[in-house]
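What follows is one structure encoded as structure tokens, with my remarks underneath.
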Amino acid sequence: MRSLLVRGSLVALALTLATAVQAQRVVQATRPPNIVLILMDDLGYGDLGSYGVGDAKTPHIDRLAREGVKLTDFYANGPSCSPTRTAFMMGRYQQRYGIEWPLGSQPDDSTRGLLPAETSLPRLLKSAGYATGLLGKWHLGRKPQFFPGRHGFDEFWGFLGGAVDYYTKVDALGRHDLFHNDTAASHSGYLTDEITTRAQSFIESHRTGPFFLEVAYNSTHWPFQPPVLAERHRLRRDEVRAAPNLEQRVAVLREGTRADYVAMLESADRGVGAILTTLDRLNLSRNTLVIFTSDNGGEWLSRNAPLFHRKFTLWEGGIRVPALIRWPGRVPAGIVSRQVGITMDLTASILSAAGVTPPPSYAAEGIDLIPLLAGRRTIERTLFWRTAAAGRLQRAVRRGRGKYLRDAGTTTGGGHEFLFDLQADVGERRD
């Protein structure tokens, strides 16, 4: 008799657990999805295992490729950080907001930034009931009127400028640059690790959802400081302090090796793994849209192969970036898509996934990629770029498999026009 009672109790318990799991799935299916955007900084197109890297191990980022879609023809809105981040925030070409170069790189733009608007991505999501968070890099204005909180982020922890020491949280001008919301903050550890820890805490705190979390790692941007800081990096800080001007300070900060870069990248990869594990542990993975990409092409320590050139240019190495999209049950797993996309498409895709309808005055310029990926379809796109960064005047258009590039040279003259078939010549060698 006791055996029958125990057996009956176990069956009842199993049914109860199954019912609870099914109920949770029903709730998740009817609830707007959580959204996690992981935005790397200056990551090379070929710097991931899923994109062919040989000297770095990125198993956790590559997990997103196995469990989602890998895009081969995805672009940043600009060849540098502030323009691309503007386009993501607003879902439109960054030129419409007057941000075409990294803020702080021109003598007269230290007081400039992205003006708050009701149609910014985090504000639209917040108005739809989302908790919104940004952890890491902002680079859209240092003045209080430009802070992330003015754009709809409930929580911000990170830095405002383009680059910061991973340990001291001091920028190239010697200014402290670490904030929690509107207040200066302090932290003594490695910045990449703390961004990860706070991302896990944000997800834990908002697990009843829905939430939108932007994890904006500054890895792999200079200064090239790995998680274990060697003595040569400490000596370099003395060189930075002794440099007589900003240009020479930046030159010292940019010193590093490919091994330093790889260690920084692998640290961020471990962070991605921790974030994915947190979603798994909280049973949130199935109802969470995870997007991974970079703000522009890599610089000299990056691996942009098989593309030509690097950050600040409109050659493919400056604007084509890795992009991985995982949304279980909504996009197929383990496929490769040649659909042409751009950063502001992520904005449109996120708003659509969240069920947010912007006001009639909002003229989005990106498209929702999810239906295309779900249907394994591609459509032809026409995309535009313009830059004058670092004195290099360039214009580019991609339409279908063709790309037109006008390199107008510098302000002192010169210039050439090129036309490439990117499907046959991704390295842009045959004009």
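Listed values, structure above:
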{"quantity": "Residue in the range 304-312 that is closer than 18 Å to Leu37 by Cβ and of a type in the set (D, E, K, R) present", "calculated": "no"}
{"quantity": "Residue within the range 350-366 that is out of contact with any strand residue (DSSP E or B) (no Cβ under 8 Å at 6 or more places or on another chain) and buried (at least 19 other Cβ atoms within 10 Å of the Cβ) present", "calculated": "yes"}
{"quantity": "In the range 288-342, the residues that are over 14 Å from the mean Cα position of the chain (by Cα) and among the acidic types (Asp, Glu)", "calculated": "Glu299, Glu316"}
{"quantity": "Among residues of the range 170-196, those that are touching a residue at least 60 places away in the same chain (Cβ under 8 Å) and either within 15 Å of Glu155 (Cβ to Cβ) or among the aliphatic types (A, V, I, L, M) (or both), counted", "calculated": "3"}
{"quantity": "Residue ID - nearest to Pro32 (Cα to Cα), chosen from residues in the range 267-303 that are hydrophobic (A, V, I, L, M, F, W, C) and part of a helix (DSSP H, G or I)", "calculated": "Leu279"}
{"quantity": "Qualifying residues in the range 169-194 (those that are at pLDDT below 95 and touching a helix residue (DSSP H, G or I) at 6+ places or on another chain (Cβ under 6 Å)) - the one surrounded by the fewest Cβ atoms within 10 Å (Cβ to Cβ)", "calculated": "His187"}
{"quantity": "So Asn304, is it under 17 Å from Val53 (Cα atoms) and open to solvent by 10 Å² or more (accessible area, probe 1.4 Å)", "calculated": "yes"}
{"quantity": "Residue list for the range 70-128, restricted to those being among the small types (Gly, Ala, Ser) and either modelled with pLDDT under 95 or open to solvent by 10 Å² or more (accessible area, probe 1.4 Å) (or both)", "calculated": "Gly98, Gly104, Ser105, Ser110, Gly113, Ala117, Ser127, Ala128"}
{"quantity": "Cβ pairs under 6 Å, 6+ apart, first in the range 365-376 and in contact (Cβ under 8 Å) with a residue 12 or more places away in the chain and closer than 15 Å to Leu324 by Cβ, second surrounded by 19 or more Cβ atoms within 10 Å (Cβ to Cβ) and not acidic (Asp, Glu)", "calculated": "Leu369/Gly341; Leu369/Ser349; Ile370/Ser349; Leu373/Val69; Leu373/Val331; Leu373/Ser337"}
{"quantity": "Subset of the range 151-194 (residues that are under 21 Å from Leu253 (Cα atoms), among the aliphatic types (A, V, I, L, M) and assigned to a loop (DSSP other than H, G, I, E, B))", "calculated": "Leu160, Ala163, Val164, Ala172, Leu173, Leu178"}
{"quantity": "Residue among Pro116, Pro79 that alone is in a loop (DSSP other than H, G, I, E, B) and either in contact with a His (Cβ under 6 Å, 6 or more places away or on another chain) or on the phi > 0 side of the Ramachandran plot (or both)", "calculated": "Pro116"}
{"quantity": "Meets criteria (among the basic types (Lys, Arg), closer than 26 Å to Leu405 by Cβ and not in a loop (DSSP other than H, G, I, E, B)) for Arg310", "calculated": "no"}
{"quantity": "Subset of the range 261-318 [more than 13 Å from Val215 (Cα to Cα), aromatic (Phe, Trp, Tyr) and either modelled with pLDDT of 95 or more or touching a helix residue (DSSP H, G or I) at 6+ places or on another chain (Cβ under 8 Å) (or both)]", "calculated": "Tyr261, Phe308, Phe312, Trp315"}
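Per-residue answers, yes or no, for (1) buried (at least 16 other Cβ atoms within 10 Å of the Cβ); (2) at pLDDT below 95:
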{"site": "Thr196", "(1), (2)": "yes, no"}
{"site": "Glu204", "(1), (2)": "no, no"}
{"site": "Glu214", "(1), (2)": "yes, no"}
{"site": "Leu246", "(1), (2)": "no, yes"}
{"site": "Ala251", "(1), (2)": "no, yes"}
{"site": "Thr257", "(1), (2)": "no, yes"}
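The values are calculated or read from the model by the stated rules, or taken from the named source; none is laboratory data. Note that the structure is predicted; figures quoted are calculated from it, not measured. We place every Cβ from the backbone using ideal geometry, glycine too, and count neighbours over all the protein chains shown. Calculation scope for accessible area: heavy atoms of the full protein, side chains included, ligands and nucleic acids excluded. Shrake-Rupley method; radii C 1.70, N 1.55, O 1.52, S 1.80 Å.
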